[in-house]
1. Determine the dipole magnitude for the chain: charges of +1 sit on the beta-carbon of Lys and Arg, -1 on that of Asp and Glu, nothing else is charged, the reference point is the Cα centre, and the result goes in debye to the nearest 20.
2. Which whole-percent values make up P(r) of segment 357-459 when all C-alpha to C-alpha distances are grouped in 10 Å steps starting at zero?
3. Please list, or write none, the aspartates and glutamates whose alpha carbon is within less than 16 Å of the alpha carbon of LYS318, excluding same-chain residues fewer than 8 places away.
4. Could you give the spread of the C-alpha atoms of segment 529-665 along their three principal axes, from largest to smallest, in whole angstroms?
5. Any number yet on Rg/Rh for segment 410-472, C-alpha, Kirkwood?
6. Treating cross-link reach as a plain straight distance, find the aspartates and glutamates whose alpha-carbon is under 18 Å from the alpha-carbon of LYS200, omitting any fewer than eight places away in the same chain.
7. Provide Rg over Rh for segment 115-250; use the alpha carbon set for both Rg and the Kirkwood Rh (inverse mean inverse pair distance).
8. Regarding segment 432-573, what whole-number volume in Å³ per residue does the convex hull of its Cα atoms give?
Amino acid sequence: MFTKCIEFSLKNRVLVIFLYLAIVIYGSLVITKMPVDVFPDLNRPTVTLLTEAPGLAPEEVENQVSFPIETAMNGLEGVVRVRSVSGIGLSIVYVEFDWGTEIYRNRQIVSERLNTTLSQLPEKVIPALGPVTSIMGEILLVGVSSLKGETSPMDLRTIADWTMRPRLLSVPGVAQVIPIGGEVKEYQVQPLSHKMFGYKVGMDEVLKSLEKFGQNTTGGYLENFKTESLIRYLNLTNKLEDLQKTPLKFQGAHSLTLNEVSRVTFGPGIKRGDASVNGNPSVILSIQKQPGADTTQLTKEIEKSLAELQKSLPKDVKADKLLFKQATFIENSIRNVEEALRDGALLVLVILFAFLMNFRTTFISITAIPLSILITAVIFHFFGLSINTMTLGGLAIAIGELVDDAVVDVENILRRLKLNQKLHKPLPVLQVIRDASVEVRGSIIYATLTVILVFLPLFALSGIEGRLFSPLGVAYIVSILASLVVSITLTPVLSSFLLPKLKIMHHGDSWLVHHLKAIDTKILNWSFMHPKIPILLTVGLTLLAASSIPFLGKAFLPSFNEGTVTISLRLPPGSSLYESNRIGTIAEKLLLEVPEVLSVGRRSGRAELDEHAEGVYSSEIDVDLKPSKRSREEVLSDMRQRLSTLPDATFNIGQPISHRLDHLLSGVRAELAIKIFGDDLTVLRNSAEKVKNTISSVVGITDLAIEQLTLIPQIQITPNRNAALQYGINVSQLGETIETLLSGKIVSQILEGSRRYNLVVRLPENERSNVEKIGDILIDSPAGKIPLHFVAEIKQAEGPNQINRDNTQRRIVVYANTKDRALGDVAQDVKNKIDSLSLPEGYFIKFEGQFESQQSATRLIALLSLLSLMGIFILLNSHFKSASYSLIIMANIPMALIGSVIAIWLTNQTLSVASLVGFITLTGIATRNGILKVSHYLHLMKYEGEEFGLPMII
């Protein structure tokens, strides 16, 4: 087949050149339009179910909402894990499906199963499916601030909700825009208990009067012979005075209106989250992309929209503060890899020319690099693959090998052309080129197959590590195969045009090759005179390299600098949003004192549309950095030292994308996650404290903390059923009344153009500010209004702030990051210490995070590499028909191990999955070189009559 390809190319030389020109043009167009991202798609297909259950405590949310949904979802086809978070009035269930499943099909089967579960949930509690996005899909954080404070927090939030959010959602590729901060505008009716008592107005009368407020209705149609008219009742209004004048009932000659028994006003909704930028109250928009959207292109479109929006905003409102921009890291990463590709190609060009000392042979050989890359881009385009750091990394690794096939081909063609010129009757040039290409084709093909074979273990990796490194292997293999295609088609054609009339054909080796041969001759002569020394040296170095591997630092991925920092700040559960804002503002100001900090954005608690159940005691601070002479570790150490002065606060410092990668691995935004499973929350908390104390002395561990599952203050209202019976009060209706008065009830929505605002009934703050006032709330009874404490016991107590579960089991997490020491070493020490701990019966520990992924990936690669080596031996034996030749070639592999270990030590790197990929690459190169060398020896003996020995080898 390959011989026919060579013959076809030489017979249709002009056609081949035009075909490659077409590839250059089409590939150049394709490569500029391909989606660009930082990593391949790492998100396991996940369907998020959000369920609002107002008024329910975490225990009730767990038992009545989360557990029935979890149980139903666990039986679905393709589900690999179900996680849930049960917070105050909120349940979030994450249903994770296996890789390769289609997300829209998953959402459909979840929705169908959910319909069968609704009957098990409390009344009016309806789960909703979250948007099709992921934690890695958050591409921008935009700060919206009032520079002079002229725009109120309520107006600022209104601008974000109703001006900016719809405009940004209309940008193709945007999946969700989540605002947090400011004040959500509401039309509020605040009943005044003493006035309602005086006018003898019941709460049901107030609610009934508001149910249809401000809504248009229809009277059907009026038909008049040939025409008909629509009858409309126009009651639509958004005027506060119209709401105030809503009649409740007629007393004597007077209509009692709403404003006579209540305060009717605009007010902020109950806040469970807030935001600030550089210490000033603000609104932050979290913008998430749709799966498959090009992050860099989408970011440019969003920035254009923001620039257009800025023109229509009030003068003192600025919406151009980008607190986090994923595209910046992507662009920097891609630029770095592109520079590595460029530098690698230039280095190959220089070395080729230095060895060949001829522009024509160098040109023929070097064309393999751009053409192989363009062919790879075209193939990626057809299969819908993206450009990312891993695919470009695969090309960077392959860059030196892309010219190998062409170089071998060109050198052999040139050698044969020289010999042909010396013949009495020279053969036709095309015949010589054809024979020369065919002559080396067998060894090149087997060398290429060997390189592909050593990369196969990458495709067996499971989980995120498989999704991360498989594209690297694909890019490498596709580009290598592309270079093979170039070598059997274009290389012979260009050689036929450029080499036959080459003047230097009559000259000897280049100056560099001449001197290298002289040095090589001396080394080979010495080695053959003292054969035991190089053998013993190789064996010794191999053993030394192998024995030093356990002492290398271990990590899942090498650390990288994103240019931004994410800080998770936690106060003791039960802390108020006010306290979170106060401490968070202090933290922002401390961080702004760090010289490298450009801007700081803080999000405390949970946004209304957010899929993450964060308590108001939790804050996330995004810090944008500028270049500095100080190292990243020095800057982070400075931040830790400043933040350590915060009272009663724990914090975790990382980077945005790294944090999200950690979250994908373990559900926790930290490098190391130790999950403790069991039933009793108190035992879980005590066990977590024991684990934390045990591992706190491990060298290199930092940001050590326990997931904050603890008891927080509650006010518990328990009905006195006997007293309620005496007053004729239904205890279920009493609960609804309490929910309305304290938490508030949305009775309608009021339209202001396209904007919708909730109409909420809730007691004013001064009537529900403490336990005593709650007990004095007047409630309706058949005998008139009575204080709540007549029919209920009101007391202060404690309950869990949040309950987390994995696969229907309660769990708590001890998490940490590492500092000044490899993750694998720290994690191994942690594991050794924990192994000595004894947990109560029924409780167990599970390690997750980067360490677990690194260990599983290392074990699998090591196991599959043995199979790969067996495959290489079988392949070599089938080609050479000799076990000894095969073993001689494979003897080069230990040299690759020696070089790999030396490189890791010299560069002060860790043994990561990425460095294992590098070793795999070197194994392939070493084997490839051995195949070409041994094949050449055999060819010299078989076809040119040379005897094996030192002269032939030299």
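Values in this text are rule-based calculations from the coordinates and carry no lab data. As the structure is a computational prediction, the values presented were derived from the model and not from experiment. Glycine gets a Cβ as well: all are built from the backbone with ideal geometry, and neighbour counts include every protein chain shown.
1. Working: 93 positive and 93 negative charges, 486 e Å.
So the dipole magnitude of the chain works out to roughly 2340 debye.
2. Pair shares across the bins are 13, 34, 31, 16, 6, 1.
3. GLU150, ASP155, ASP161, GLU303, GLU308
4. 82, 34, 26
5. Numbers: Rg = 20.2 Å, Rh = 14.7 Å.
My calculation of the ratio gives 1.38.
6. GLU260, ASP776, ASP780
7. Values: Rg = 22.5 Å, Rh = 20.7 Å.
When Rh is taken as the Kirkwood radius, the ratio is 1.08.
8. Numbers: hull volume 39.2 nm³, N = 142.
Looking at segment 432-573, the number lands at 276 Å³ per residue.
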